[in-house]
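> One structure, as structure tokens, below. Some questions next.
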Amino acid sequence: HRRRSDVPRGQRDDAQGALSDREHDCLAMSARGLTSRDIAVKLGIASRTVDFHFGRALVKLAAINRHEAIAKAMARGWLS
């Protein structure tokens, strides 16, 4: 999978859809069936923050919901 830290600083392009580490983690945990609340507990953050990360991932992946975002991230090889 491609994380933000894997892309050289000058080549980062959010419009291209590179996920931040938190966005990746949230999508990966959601793909395993965890809810926003479950993810928040595991990461030690608020569930609203988890929803924020999902929102950013949806925009970057041009997805309409979490399921589509997970599918697109998997198709790009960013999730296994």
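> Excluding residue 39 itself, what net charge comes from residues whose Cβ is under 13 Å from its Cβ, given Lys and Arg +1 and Asp and Glu -1?
Details: positive: 22, 32, 37, 42, 48, 66; negative: 23, 25, 38, 51.
Computed value for this residue: +2.
> When the chain is fully extended, how far beyond the present Cα-Cα distance does residue 49 get from residue 34, taking 0.36 nm per residue of separation?
Gain in length upon complete extension: 3.9 nm.
> Follow-up. Could you order the peptides 28-39, 51-62 from most to least packed, using the average number of other C-beta atoms within 10 Å per residue?
Numbers: 28-39: 15.8, 51-62: 17.3.
Ranked by mean Cβ neighbours within 10 Å, highest first: 51-62, 28-39.
Throughout, read-outs are computed from the coordinates displayed, never taken from laboratory work. As the structure is a computational prediction, the values presented were derived from the model and not from experiment. As a convention, Cβ positions derive from the backbone with ideal geometry for all residues, glycine included, and neighbour counts pool all protein chains shown.
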